[in-house]
Structures are given as structure tokens and as C-alpha cells.
Amino acid sequence: MTAAAASAPLLSTAGLSISFGALKVVQSVDFRLDRGARHALIGPNGAGKTTFINLLSGVLRPARGIVCIGNLEVNRLSVEQRVRCGLARTFQISQLFRNLTVFENVSLAVMRRRGVGMSMFRRCSSHAVVTQDAMDIIGTLGLDDEAFQPIRELSYGKQRLVELAIALGLRPRILLLDEPMAGIPIGERGPILDVVAKLDPEIAILIVEHDIDFVFQFASQITVLANGSVLARGTPAEIAADVAVAEMYLGGGSHE
Amino acid sequence: MERSERGADTSGVSAAERFLKGRDGLRAIEALPWLAAIAFPIAFPDCALLGTHVLIMMLFALSLDVIVGYAGIVTLGHAAYFGVGAYTAGLVSARLGWSEPISGLLAAGIAAGAFGLVTGSVLLRYQHLALIMLTLVLSTMVFELANAWADLTGGWDGLMGIQLGPLLGLFEWDLRGLTSYGYALTVLMASFWWLRFLSASPFMQGLRGIRENRARMRAIGTPITFHLLIAFTLSATLAGVAGALFAQANAFITIEVLGFERSAAVLTMLLLGGVGRLYGALAGALVFIVAADWLAKMSPIYWEFGVGLLLVLVVLLYPNGLLGAIERVRAQCRRRSA
């Protein structure tokens, strides 16, 4: 832990800010994610969590501040260039290729990572490594039975697994998970909880999640965002003892 | 659990290979349209002219299928590329005196492709309604340019003096149009089988991904505009080749080749046949032109009403076009027998 913290962070921000009109959605956020990190981002609805993810992944450009991947400042890099730096994300609202099969969904990501996404001179079937990688991921996530079904025919829970499978197809060093369990009933979260818990320990993970029990069990670091600023950060034990966080959640009253 | 994990390594991959073979593999029935196309002029030598027109529009519709069917980009201006190809092939013969047909065809493909590359790099920055309007505006501008430049293009009076040497130095152009038919069929088959091979490639799979979900394609690292630009250039090239065939087969063109009606007709053919499956372009062009020819004989004034009615009925009853309807029936039969 100390060794990892001493080296340069895989992903970091300094003074990151963005406003939508007069609304300051993210305000001077300093943040770092180390190799193998298990970091959770929590906060009430509208705290700016998804906006923060969009700033990290390049969907949005900050008004002020910087985003770095390793030592590289990536403010001006597009979404696809940041992917090539090893950053992958999932979406709170599933972004899937609905008329393609699970296998085809994962294959598209694998083809990009393998650098054959534009290949015109060989058939998909002759890219054996792509097929192998895609089926490995599908097997790991327990989607074998649905591998050749179009996404639109899958249950919502399975679709959320595919959402994750596509990101894993990129074999990222940094993985941003935006509410991977959003919309799945509490009782049916088992499979995706298992997958998230068993992800390669080398990957640096930032997870946005509302399920506090899961967050406290999964994360080693927690950042609490409120009104776009960092309200608190620390280990789960520190966050649990934090007065301001307790006040916000108790004061808000509506959470869970 | 143990068994399924081991299974993922071996049976999973072989299942994926079976799936890819089912998706992309050749079927025996695919020989049928080509055998029919070869047999057609032998059975009906007097209909070779109409047949050639069908083949040319099949190629044009195929070119459109790459961007409309696979990439999901709707354009109302594809005649611009057809027309650039037609005028390139026409002008090298009529104005430069170059009469060798195959080099004229290649020149037309290159000119239309280059035009597609340049215009596409601007057009493809836009999406949806803005893109449709821009394609319409662009093709109208090209049309008006050709109209204003009537000294060169011949305008509405047409480009006179397209003269072609014998094909490959061997086959004279006959009045019944059999040489033209064979020429158009050869070019169509070469283009089709190239696309048919390409349809199984990661490149075309990527286009389907862009059609399905652009945000996710970006999020997995795809340079969307570049990917689309290559597809657009390829499509424009094939449209130009179709236009060149049209100019050469008729030995005459007017600025009608650049007109909006042609853009609309080719899109109608594709929708009629079914988008994103290549064979839909072939079926749509065939049905559209044969129906239009038949209706025009019945009612020279109101035939377009009949074509419109046909399109409305097909789109309402079979949103995936004629081929989509056939696929649905086949799937139902398979389910019933299973």
C-alpha cells in the first residue's frame, strides 16, 4: 500500500472544475488513483459524480484544472485517445450495441485493443485471438449461455454484466465504474458483485455506487462528493466516523 | 462450475467459430441470383437493356448500403457521387477522346472516391437531420454547378459524343446491349463479392457498432469520424463506378444523373429491399425498376403513384424490407419444424 502510494498515481486531477451555466457542478477537485486502488466515489444525487467520471474519461473538458494519466496531462486528449492510455469506463445507463450479440459486443472492444478494429483484409473469424479473448471474458462473467443472443433479448441484470464485459475487453489499467448495479434489485446483485470483487487486483478502480454496504466492504479509499466539492476522503473507517458525512446523509434523510 | 470454466476455453471458442460461420459464411443459395443474372440475357436477349439498367442501379444501391445500412448514416445526396463518376467517364471519352472503357471506369471510381473523401471529411462531422440536409444541399450545389457549366457538361441537352472502343479490345458494343450487360454484370459481381468479403471484416463490424451506439464506440477507443470517412469514400467510389457504367452503357448522359430524384430513387430501392444485408440492395433495385417499367407501360403518367404505394406497403408491413420479410418467414418455418 505504502509502496504504491509513493509511486506516481495512475490517474490524478488537480483543481478540476466545470460549470453548466451558473451551476458549479465540479469544483476544484484534487484526486488520485494508484495502481490496484479500490476507490469509491459516493455522495447524494446531483453531487457531480457522473460529471466527474465524464471529465476523467474525456467526454467533458474541464473549465479549470488538469487530468493526468500517469505523468501525462490528458486535458486535450479525446475519449478514444484516453482509452489508448489504458482508461476504460462503464456507463450508469447501459450503452450497448443492442442488436448485436454478447459475443459481438465484447469482440468490438477486443478488436480495438488488439489494433484490428479497422482491419479490412481479414474476416473476423480469422482473428482467432479476438475470438479467444472475447470468449474468455464471457466465460469469466458467466455469460456463456447468452453469448450468441442479441443484447435486446437479455434480462436487465445480464445487460449490466455485458456493460462491464465490454470495458474488460479493453484490458484497462484504470477502470471507472459508474454505478454498475444501478437498477438491479438488491436480491439480484450477486453475480455482478462477485465479478467486481474478483477483478484483477492490478487494475485501478474508481467506482461510483449508492450501495453503502458494498462500498464499505469493497473500497479501501472513499471520496465523498457534495455539491461538486470533496466533502471528505479517507478509509471506510474514517468516513464512517466523519461528522460532516454523517450529517449530510442523516440531514438528507432520503438515502436508502 | 469447474466444468463450465474448462468449457469456456474450448467449447466456448468453437461455439464462437460456429456463430461467426453462421453469420458470415457462404450459403449455397447465394449462387442463385448470379446464376439467374447470367441466364437472363440468354433467355431474354431483347431485355438486355433493361437488365443492364437494373445491374447498374444494383451497384449504386449496394454503394449506399455501406453507409446507410451498415453505418446508419442517411443521405439524400448520393447521386452527387454517381454523377461525378458518370461525368468523369463521359468527359474522358467525349472531351479528351480517350475511348478505352475500363480505364475510364477506373478514373471515374477514383474521381468519385476523391470527391467522397473531401466532402465526407466535412459532412461526417454532422449527424441526423443536419447531415441529411447537408447531403441534400451538397448534391444540389453539384447539380447546379453542372447546369451552369453546360459548355462542358452539356447540361439538360446532354453530353454528346461518348464513344467507346471495344471492351478489352475484343467485344464490340452491340445494339441489343449484350456486351453492356456482360460488362455491367462483371463489374457488379466483382464489387459485390468484394463487399461480401468485407462484410465479414472487423471494419464492417465496427460500422455496425457505430450505427448501434456511437457513444460506446468512442468509449472503446474508436476514431468515429475517421472510420466513417473510410466507409464513405469506399461508398462514393462504388457509386462513381455505377455512374460510369451508366454513362458508358448509354453512351449519353444529361445532368439528370446528378439529380435529387436519383438520390431519392436509390434510397427507396434500398429501403424496399432491406438495409444492411447487401442482398437487399440487389432485390430492391430489381423490384423497383421492374415495377416502375411495368407500371409506366400501364400508365405513363401515374406510374410513380404505383411505386410509392409499393414502398408504403412494404415499409408498413415489412419494416426490414423484402429480404427482411423473407428472413422472418424462414425463421418462423425453422421454429415450427424445430
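Please treat every number below as a calculation from the coordinates, not as lab data. Owing to the predicted nature of the structure, the values given are computational and were not obtained by experimental measurement. Virtual Cβ from ideal backbone geometry, glycine too; neighbours counted across all protein chains shown.
Projecting the Cα atoms of A:I205, A:G115, A:I166 onto the charge dipole of chain A, computed from C-beta unit charges around the Cα centre, puts A:G115 farthest toward the positive end. Were the residues from B:K297 through B:R95 laid out at 0.36 nm apart, the gain over their Cα-Cα distance would be 69.1 nm.
To the nearest 10 degrees, how steep is helix B:31-43 against the longest Cα principal axis of chain B, on a 0 to 90 scale? Between the helix axis and the principal axis of chain B, the angle is about 30 degrees.
Charged side chains reduced to their Cβ positions (Lys and Arg at +1, Asp and Glu at -1) give chain B a dipole of some 1460 debye around its Cα centre. Counting Lys +1, Arg +1, Asp -1, Glu -1, what net charge surrounds A:I151 among other residues with beta carbon under 10 Å of its beta carbon? Neighbourhood net charge equals -2.
FRET efficiency for the pair B:S14 and A:S155, taken as 1/(1 + (r/R0)^6) with r the Cβ-Cβ distance and R0 = 35 Å, rounds to 0.85. Note on chain A: with charges restricted to the Cβ of Lys and Arg (+1) and Asp and Glu (-1), its dipole about the Cα centre is near 1160 debye. Take B:285-297, A:76-88, B:118-130 and order them by the average number of nearby Cβ atoms within 10 Å per residue, most first; the result is A:76-88, B:285-297, B:118-130. Taking other Cβ atoms within 10 Å as a rough exposure proxy, B:K21, A:K158 sort from fewest to most as B:K21, A:K158. For the peptide B:224-236, the mean number of other protein chain Cβ atoms found within 10 angstrom of a residue's Cβ is 1. Of A:L225, A:T90, A:T235, whose Cα points farthest to the positive end of the dipole of chain A (charges on the beta-carbon: +1 Lys, Arg; -1 Asp, Glu; origin at the Cα centre)? Checked the options; the winner is A:T90. Rounded if a/c is under 1.5, else prolate if a/b is larger than b/c, else oblate: which is the stretch B:26-158, with a ≥ b ≥ c the root eigenvalues of its Cα gyration tensor? Taking the square roots of the gyration eigenvalues as a ≥ b ≥ c, the stretch B:26-158 is oblate.
Under the classification rounded if a/c is under 1.5, otherwise prolate if a/b is larger than b/c and oblate if not, where does the stretch B:215-338 fall, given a ≥ b ≥ c as square roots of the Cα gyration tensor eigenvalues? It comes out oblate by the Cα gyration axes. What's the angle, to the nearest 10 degrees (0 to 90), between helix A:243-252's Cα axis and the longest principal axis of chain A? Helix A:243-252 sits at roughly 70 degrees to that axis. Ranked by the mean number of other Cβ atoms within 10 Å of their residues, highest first, the peptides A:24-32, B:108-116 fall in the order B:108-116, A:24-32. Restriction of the GluC sites (Glu not before Pro) in the stretch A:150-222 to DSSP coil positions whose beta-carbon has at most 13 other beta-carbons within 10 angstrom yields A:E202.
Rounded to the nearest 10 degrees, the inclination of helix B:101-123 to the longest alpha-carbon principal axis of chain B is 60 degrees. Using r as the Cβ-Cβ distance of A:H210 and B:W156, and R0 as 45 Å, what FRET efficiency do you calculate, to the nearest 0.05? Plugging the Cβ-Cβ distance into 1/(1 + (r/R0)^6) gives 0.10. Per residue of peptide A:194-206, the mean number of Cβ atoms on other chains within 10 Å of the residue Cβ is 0. Once a ≥ b ≥ c are taken as the square roots of the eigenvalues of the Cα gyration tensor of the protein assembly as shown, is the result rounded (a/c under 1.5), prolate (a/b larger than b/c) or oblate (a/b not larger than b/c)? Prolate is the answer for the protein assembly as shown, as a/c is 1.5 or above and a/b outweighs b/c. Evaluated with a Cβ-only charge set (Lys, Arg +1; Asp, Glu -1), the protein assembly as shown carries a dipole of roughly 400 debye about its Cα centre, given to the nearest 20. Cross-link partners of A:K49 among aspartates and glutamates, defined as those whose alpha carbon lies under 18 angstrom from its own and excluding same-chain residues fewer than eight positions apart: A:D30, A:D178, A:E179, A:E209, A:D211, A:E256. Spacing of the modelled spin labels on B:R335 and B:I102, each 7 Å from Cα toward Cβ, amounts to 5.0 nm. Peptide A:86-99 is shielded by partner chain Cβ atoms: per residue, an average of 3 of them sit within 10 Å of its Cβ. For chain B, the Cα-based Rg and Dmax, in that order, read 21.3, 78 Å.
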